[in-house]
Amino acid sequence: MLSCETIYEGDWGKVKGDMARFRLFLGRKLIREYQFDSGPITIGRLTGSDILIEHEAVSRKHASVHLKKGQWHVQIEDGKNGLFVNGQFTTSKDLLTADKIEIGNYVIQFIDTPRAISLDEQDPFDIDMDTDSYNTNKVLSEPLERNLDQQTVMVKLSELKRIHQRNQSIMAPHLTWFEESEKKVHALNDLRTLIGKTEDCQIHIRGGLPGVKHFALITKNGGQFYIEPLSRFVPIVVEGETIKSNTPLSDGDRLQIFNQTLHFHEEM
């Protein structure tokens, strides 16, 4: 018999046994967490789905997850817009803990352990689409108006790939900032990310003295990111404190360089 339980912050100690957990995200915003001890687990727009995604680009019976001989497995059902697992477009795949299932802009993180750490969310059900911090494509970011009987909106493969690429950037370690009201996302895929105003910089910021070209350097050592100021004429402020040397970054840190504010996000 299928058993589902919504997990709230602070409830992890109450979990008994090895049960699959699923965390539903839009961008990096946690919408809801689920726990199941068996399958099949249905994912889709149909009322009564075990993992309900109320969006017109999600099929009524989009996908399902089964438990066979101790192995959790996801497969496409009637998902007209397909799905990605760990960056690969697929119809069927065995799941390992921390695997990520993408359906449009939505990401479902699979966790096959009772000791996973919950995100620090005050209300796992609360999501405000109007203030979502990521400017995603309208057809895949706005909730359905409770008309679950209408036809699934088909999305071109090129658009699915674009959305997938944005999902990958959002899930990876990255910086975000605004340029003329447009939100920018830069994935920190390299060991070194140079911030400044010349062509060799990965992130460009205006300002500073004419002769100062490089402002800061972000480096990765193991799983830790650091930011280092490169000019005494360019103050680098991290969480309100001006730094003088190589400084470790934490998830959510606010960086100030001249009038530009950037936010650092760790890997999801």
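Trypsin sites (Lys or Arg not before Pro) within the range 31-87: which are DSSP loop residues with at most 13 other Cβ atoms inside 10 Å?
K69
What nm distance separates the two modelled labels at S181 and N246, each placed 7 Å from Cα along Cα→Cβ?
Distance between label points: 4.2 nm.
Please compute the net charge surrounding R192, taking Lys and Arg as +1 and Asp and Glu as -1 over other residues with Cβ under 15 Å from its Cβ.
-2
The numbers here are math on the coordinates, done by the rules we state, and not lab data. The model shown is predicted, which means the values in this text are computed figures rather than measured ones. As a convention, Cβ positions derive from the backbone with ideal geometry for all residues, glycine included, and neighbour counts pool all protein chains shown.
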